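A quick write-up on the structure given underneath.
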Amino acid sequence: MESSDIVDSMSLYILSHPFCSIKDIKDIIFNTFKINVSLELVRLFVVKNNFTKKRARYYSKPKDDEEKLKYFLEKRNQYVLMF
């Protein structure tokens, strides 16, 4: 096992799980390679490899979304047919 194996697996894990925490990554390293690393070391790896912390956000959907979409498409079709 080489250190590049660990780096590759960490990169792959972060890319496939963009909302993972540093603790999750630390646990994956321990469970996979049986190596205990500090949270700070994992954090430094994340920062130095330009991975960013993703935050899930909730955007509500308007209740009359279907009506607005239908109105927009009708108006768009009128303008498209004009030109």
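The values are calculated or read from the model by the stated rules, or taken from the named source; none is laboratory data. Keep in mind it's a predicted model, so treat the numbers as computed, not measured. A quick note on method: Cβ atoms are made from the backbone with ideal geometry, for glycine too, and the neighbour counts reach across all protein chains shown.
Details
- Each residue in segment 39-79 was checked for being part of a loop (DSSP other than H, G, I, E, B) and either of a type in the set (Ser, Thr, Tyr) or loosely packed, with under 11 Cβ neighbours inside 10 Å (or both), and 12 pass.
- Failed item in (1) part of a loop (DSSP other than H, G, I, E, B); (2) free of Cβ contacts under 8 Å to residues at least 12 places away in the same chain, with residue 15 passing the rest: (1)
- Among the residues examined, residue 36 qualifies as outside any helix (DSSP H, G or I), exposed (fewer than 12 other Cβ atoms within 10 Å of the Cβ) and either of a type in the set (Asp, Glu) or at pLDDT 90 or above (or both).
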